[in-house]
Amino acid sequence: MSDKFSKIYDLSIKDPEKFWHEAANDIFWFKKPTKILNKSNPPFYKWYEDGVTNTCYNALDFHIDQGKGNKTALIYDSPITGNKSKFTYEELRSKVSKFAGALKDQGINKGDRVIIYMPMIPEAVVAMLACARIGAIHSVVFGGFASNELASRIDDSKAKLLVTASCGFEPGRTVEYKPLVDEAIKQAQHKISKMILFQRKGHEVKLNAPMEISWDEAHANAKDTDCVEMNSNEFAYILYTSGTTGTPKGIVRDIGGHIVALKWTMKNIYNIDADDIWWSASDIGWIVGHSYIVYAPLFKGCTTVLFEGKPVGTPDAGAFWKIISDYKVKSLFTAPTAFRAIKKEDPEGKFFSKYDLSKFESLFLAGERADPDTIKWAENLLKVPVIDHWWQTETSWAISSNCTGIEMMKTKYGSACKAVPGYDVKIIKSDQTLAKPNEMGDIVVKLPLPPGTFPTLWNADQRYKENYMSNYEGYYQTYDAGHIDEDGYIWIMSRTDDIINVAGHRLSTGAIEEVLSEHQSVAECAVLGIADKLKGQLPIGLIVLKAGVDKDNETISKECVQMVRDKIGPVAAFKVAIVIKRLPKTRSGKILRGTIRKIADSVEYKMPPTIDDPAILDEIKEDLIKNNILKSA
Ligand code: COA
Ligand code: AMP
């Protein structure tokens, strides 16, 4: 281990309070914290409990106070609509402060929940920051989720208000948000009291006043509104993520720790300074978008790019290079899928050679396993370091990474590098003992987690404790499995629960199974994530029909696919439901999902000793071949 990094890392583990006390000096506080870490009620740790601050103040006002109001805060580029704009810190604050006033006019106060269901437009960022300004808790819902998912988030968060837009644009289709929102409001038990809708030009929709008002109407009498003082442990936002069951978990973020940790990461992990241009090609509906499109770059005071487009098809595989070149982006953060998509479309990098990327210094990948082929391809093309780093919605920032602002470490292809300062990562084997180097096991993080992670789940302390903090006493269970090698490099191999990663999007196979089970002809089913060259994983469903069903299999499959699209959303990318005779199970009745997945991925498998009837595996193989999932031998 190199000296500079290891010294900093060791301090963060040996004396986290000292480490994070120092980091806290870098942010703005109305009242500086004197109590750095409260450990009195594990696993509910509290960082900076007597500190008073505001997220929006740190993102905008703080920089303006330092004379940087004219600096560009946000660049919006939408190849999908042809729109582009730039906002200085002053301009962005002005919009945020007005919308904060608009929210207040609608009765939104500190602690109230606001759902934001919007495409990648500046107004979405404005809405998030406006909530932060007045201490409302936002919950952004990704636009690719269906009404049902939106309804479950309305119910769980008990949101007072919903901010949306008339539509989003996907290549080849317009996503009409209003009918989706209407349906969600209808389905939700909890009734929101107001909707504010941003009308996109040329796509205006009809609103039903007084419950539904347009973005412009909401601004009619809105006054500039100042930042409210927030206790460090109050919540900045709720972000729902897939859990081990179909019920999404509300990950919450406390205010002080979030600002301190995210600001710290910009220099230390990403080597970004205040004068740099940074781009995270994700969506604000995901954690990467929360942390690295909106909050971290603005806390740092640099320029962030908001991109409404895709790596390919908007209009071509040169879209990323164009943005990097046009805005002199220093570093890009995206999901490996995006690069696999570019590689597939333009393997020789013909588009790349058209652009000047001389200011580009590094590429960061996360969200799913980065396959070494893609990393090497990107390195070859870009001639800059390509860094795979590992994190989760739960943590909001990287657990392991090459900390390029501290010291550049060598790449080991297939590893997400070393634990980042703040995270004491261990591997625990199935016999509950700590693993030696290179031994596989569950990846855990010793408590307390550093600031900026999740202090609990929304209204679900017990679920937080049982789900994450109980299986291994004193550790946070990441639900990832892997090993740490002799040099401290972490290798993330798989999830240990039912989560799959489809194009870097986190989905629960359990949630998809719940939907399939609702089909009146389905007796039982199993959903698996099978390996996919582009999206990393893709879900497929295996369904067993009830006796006496007289509909044909093809119709049932189509209905199942449509049900998942309608109930979870297009983002599930669920396109294959295969009717089979029976599912392989253990003698105690547990479906052998792992074995089926290995068969589908053509990976060697051992016949499970507890299997009820081994012949079923051959039947499944034949079904997978018939459906082009598996090639015949
Ligand atoms: N709103 C509505 N629908 C959305 C959406 C959004 N914000 N985002 C995606 N969808 C839809 C897509 O239109 C698609 O619908 P379709 O079935 O009608 O075609 C479906 O959800 C699946 O989307 P996706 O998995 O993104 O596949 P794709 O084929 O449209 O695009 C890629 C493929 C590789 C271009 C795309 O997956 C991509 O850009 N990946 C990068 C991943 C990323 O940024 N992840 C963020 C986490 S870091
Ligand atoms: P999300 O909460 O959507 O960010 O998804 C988190 C999950 O994505 C992790 O628990 C991992 O399973 C996976 N993941 C994220 N980054 C990586 C990575 N660099 N390598 C392998 N898996 C990753």
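Laboratory data are not the source of any read-out in this text; all were calculated from the coordinates shown. All values derive from a computational prediction rather than experimental measurement. Cβ atoms come from the backbone with ideal geometry, glycine included; neighbour counts cover every protein chain shown.
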Quiz item: Hey, got the dipole for segment 102-249? About the Cα centre, +1 on K and R Cβ, -1 on D and E Cβ, debye to the nearest 20?
Solution: 180
Exercise. For segment 553-609, list log₁₀ I(q)/I(0) at each q in 0.26 Å⁻¹, using the Debye formula over Cα point scatterers of equal strength and ignoring solvent, two decimals each.
Key: -1.01
Practice problem: Calculate the spin-label point distance for residue 187 paired with residue 440, positioning each point 7 Å from the Cα along the beta-carbon direction, and give it in nanometres. | Solution: 3.7
Self-check item: DSSP beta bridges in segment 135-283 [antiparallel fraction, %, rounded to 5]
Solution: 55
Exercise. With label points built 7 Å along Cα→Cβ from the Cα atoms of residue 90 and residue 201, find their separation and express it in nm.
Key: 2.5
Self-check item: Projected label distance in nm at residue 30 and residue 358, using a 7 Å step from Cα toward the beta-carbon
Solution: 4.8
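Give the peptides 504-515, 566-577 in descending order of average Cβ contacts within 10 Å, highest first.
504-515, 566-577
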Practice problem: Could you give the spread of the C-alpha atoms of segment 210-250 along their three principal axes, from largest to smallest, in whole angstroms? | Solution: 45, 30, 13
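Restricting to DSSP loop positions (anything but H, G, I, E, B) with no more than 14 other Cβ atoms inside 10 Å of their own Cβ, which trypsin sites (Lys or Arg not before Pro) remain in segment 113-215?
191, 201, 206
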Quiz item: Which lysines, on any chain, are close to residue 590 with Cα under 24 Å apart, when same-chain ones fewer than 8 places away are left out?
Solution: 429, 546, 581, 598, 606, 621
Self-check item: Alpha carbon centroid spacing (whole Å) that separates segment 43-115 from segment 134-172
Solution: 19
Quiz item: Per residue, what volume in Å³ does the Cα convex hull of the chain take up?
Solution: 159
Self-check item: Cα-based equivalent ellipsoid, segment 300-385: semi-axes from gyration tensor eigenvalues, Å
Solution: 18, 15, 13
Practice problem: Report, for the chain, the % of DSSP beta bridges that are antiparallel, rounded to 5. | Solution: 60
Quiz prompt | segment 37-178 - Debye-derived log10 I(q)/I(0), Cα point model, q = 0.10, 0.20, 0.21, 0.22 Å⁻¹ | solution = -0.43, -1.24, -1.28, -1.31
Quiz item: Which whole-number percentage describes the relative contact order of the chain, with Cα contacts under 8 Å and a sequence gap of 6 or more?
Solution: 12
Quiz prompt | segment 507-545 residues near the modelled residue 566 label - backbone nitrogen below 14 Å, point 7 Å along Cα→Cβ | solution = 515-521
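Tell me, in nm to one decimal, what length is gained between residue 622 and residue 376 on full extension, where the rule is 0.36 nm per residue of separation less the Cα-Cα distance?
85.0 nm
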Exercise. Could you name the lysines whose alpha carbon sits less than 24 Å from that of residue 191, not counting residues in the same chain fewer than 8 places away?
Key: 104, 110, 158, 160, 178, 206, 249, 567
Self-check item: C-alpha center-to-center spacing [segment 320-336, segment 590-607] in angstrom
Solution: 39
Quiz prompt | Given charges at beta-carbon only (K, R positive; D, E negative), |dipole| of segment 1-142 in Debye | solution = 120
Self-check item: Burial order of peptide ranges 423-429, 211-217, 286-292 (average beta-carbon count within 10 Å, highest first)
Solution: 286-292, 423-429, 211-217
Self-check item: Test item: Cα-centred dipole of the chain, Lys/Arg +1 and Asp/Glu -1 on Cβ, debye
Solution: 300
Quiz item: At a Förster distance of 60 Å, what's the computed FRET efficiency of residue 383 paired with residue 208, Cβ-Cβ distance as r, to 0.05?
Solution: 0.60
Exercise. Would you please name the GluC sites (Glu not before Pro) within segment 332-361 that are DSSP coil residues with at most 15 other C-beta atoms within 10 Å of their C-beta?
Key: 348
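At 0.36 nm per residue, and after removing the present C-alpha to C-alpha distance, how many nm does the segment from residue 413 to residue 460 gain when stretched out fully?
In short, 13.1 nm is gained.
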